[in-house]
Amino acid sequence: MNAAPFHALPAQAAAAHVVIEPSILYFGTPVVLLSTENEDGSFNLAPMSSAWALGQTVVLGLGREGQTARNLGERPDLVINLPGPALWPAVERLAPLTGRNPVPSTKAKGCRFEPDKFGAAGLDGEPSHVVRPPRVAECPIQLEARAERVRPDVHGTFVIVEALVRKVHADPRLLVLGTDHVDPAAWSPLVYNFRHYFGLGPELGHSYRTETPRRSAAEQ
Ligand SMILES: Cc1cc2nc3c(=O)[nH]c(=O)nc-3n(C[C@H](O)[C@H](O)[C@H](O)COP(=O)(O)O)c2cc1C
């Protein structure tokens, strides 16, 4: 085993790589909690990490058999809630749960039905402004959205959802004071990295395209 983690080593010439066959390709993406509406008017909450933004559209990859995919196929309103690193235990409490009853055979071993995911996670719902499912109060960033397209992936195992964001809510302590900019030094996503949870380390640098002023409300 290396004395220092790989990411802490100085930049170096590429080593001779080996070919591997990993069972998963979760190379480190932010966790989001999706709130959606069930057929009986109650609300489901599910963690997922196959999410990324294209302008105002967020693309989501969801297991076809899950309650979230089912809900979005029939009721397109959702909230994409972004937890910070401290919320990882609540996320993990949701991990073995599904809002689907009976539990589909394709679900991971140990998965069980839970009709009250907010309660099971210990998270609070707060009303949304333009969609029916509630926001997760503890999540510092919340995106109210509508699934405009839900279609199967190439294997038919997943659905790919294109959700158009309609309203963005942010904890004001994350913002550069007096602006709509989220301060990247104040915000950290919760990152799902090969099934382990991480926050971000210190800033390494920034893009030439950054438009963010440096001062955050948290520093005032
Ligand atoms: C951190 C984390 C990330 C996950 N990422 C995804 C994902 O990107 N896509 C997916 O379909 N399921 C993902 N899952 C699994 C779902 O949360 C799980 O299948 C859950 O049962 C879905 O709930 P539902 O059936 O009520 O929708 C993830 C779980 C965790 C804990």
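Since every read-out is calculated from the coordinates, none of them should be taken as a lab result. Quantities reported herein were computed from a predicted structural model and do not represent experimental measurements. Please note: Cβ atoms are built from the backbone with ideal geometry, for glycine as well, and neighbour counts cover all protein chains shown.
Structure data summary
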read-out: Hits in region 29-42 (condition: buried (at least 21 other Cβ atoms within 10 Å of the Cβ) and either free of Cβ contacts under 8 Å to residues at least 24 places away in the same chain or not in a loop (DSSP other than H, G, I, E, B) (or both)); value: Val32, Leu33, Leu34, Ser35, Thr36
read-out: Matching residues, region 147-159, being surrounded by fewer than 16 Cβ atoms within 10 Å (Cβ to Cβ) and in a strand (DSSP E or B); value: Glu148, Arg149, Arg151, Pro152
